[in-house]
Amino acid sequence: MSNQAQEIDRESILLRILWMVIFTIIWQLAVFVLGTVVLVQLVYRLFYGAPNATLLRIGDSTSQYLAQIGRFGTFNTDEKPWPFADWPVAQPAEGEAAHSVPPAPHPVRDEEPKL
C-alpha cells in the first residue's frame, strides 16, 4: 500500500471512531426514550386494556433506529443512521390491536347555538 493510501485509511478510521462515539451517546439517549415508551405503554395498557397506537409506532421506529446504530457501530454497514439517513418507518404491530377512541359526534350545523 502506498503512503498516501495508508494516510487516507487512517483518516477514514479516525472519522469512523468519532462517529461511533457520537452514535454511542445518541444510543444512550434513545435507550432512555425507548425505556420511557415501554413504561408508559405498560401503564396505558393497564388502564385501557390495549396498547396505544402512537406509542406502538414510536417504540417500533426507535427500536429500528437502535438496530441501525448497532449495525453501524459493529461495521455491518457503512451507512450512518439518522440524521444522515431517513428515520425508520414503523412496521405494523404484530401483537395486540391498538386502543382506539371513536370520533366524537359533531353537532348538527343547522341548529342555533343554545345560550
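The values are calculated or read from the model by the stated rules, or taken from the named source; none is laboratory data. The structure displayed is predicted, hence computed values, not measured ones. FYI the Cβ positions are ideal-geometry reconstructions off the backbone, even for glycines, and counts take in every protein chain you see.
When you check THR54 against the structure, is it hydroxyl-bearing (Ser, Thr, Tyr) and without any contact (Cβ under 8 Å) to a residue 24 or more places away in the chain, yes or no?
yes
Just name the residue that is farthest from the chain's Cα centre (by Cα) out of those in region 56-71 that are over 14 Å from ILE26 (Cα atoms) and of a type in the set (Gly, Ala, Ser).
That would be GLY59.
Looking only at residues that are out of contact with any Gly (no Cβ under 7 Å at 6 or more places or on another chain) and not hydrophobic (A, V, I, L, M, F, W, C) in region 36-50, which one is surrounded by the most Cβ atoms within 10 Å (Cβ to Cβ)?
The selected residue is TYR44.
For region 30-51, indicate whether the set of residues that are over 13 Å from the mean Cα position of the chain (by Cα), under 21 Å from GLU94 (Cβ atoms), modelled with pLDDT of 90 or more and part of a loop (DSSP other than H, G, I, E, B) is non-empty.
yes
When only residues in region 72-103 that are surrounded by 14 or more Cβ atoms within 10 Å (Cβ to Cβ) and over 18 Å from ILE26 (Cα atoms) count, which is modelled with the highest pLDDT?
Among them, the one singled out is ALA90.
Can you report the number of residues in region 58-86 which are more than 20 Å from LEU34 (Cα to Cα) and among the β-branched types (Val, Ile, Thr)?
2
Can you confirm whether TRP27 is surrounded by 11 or more Cβ atoms within 10 Å (Cβ to Cβ) and at pLDDT below 95?
So TRP27 fails the test.
Quickly run through region 54-99 and pick out the residues that are charged (D, E, K, R) and assigned to a helix (DSSP H, G or I).
Listed by number, the residues that qualify are ARG57, ASP60, ARG71.
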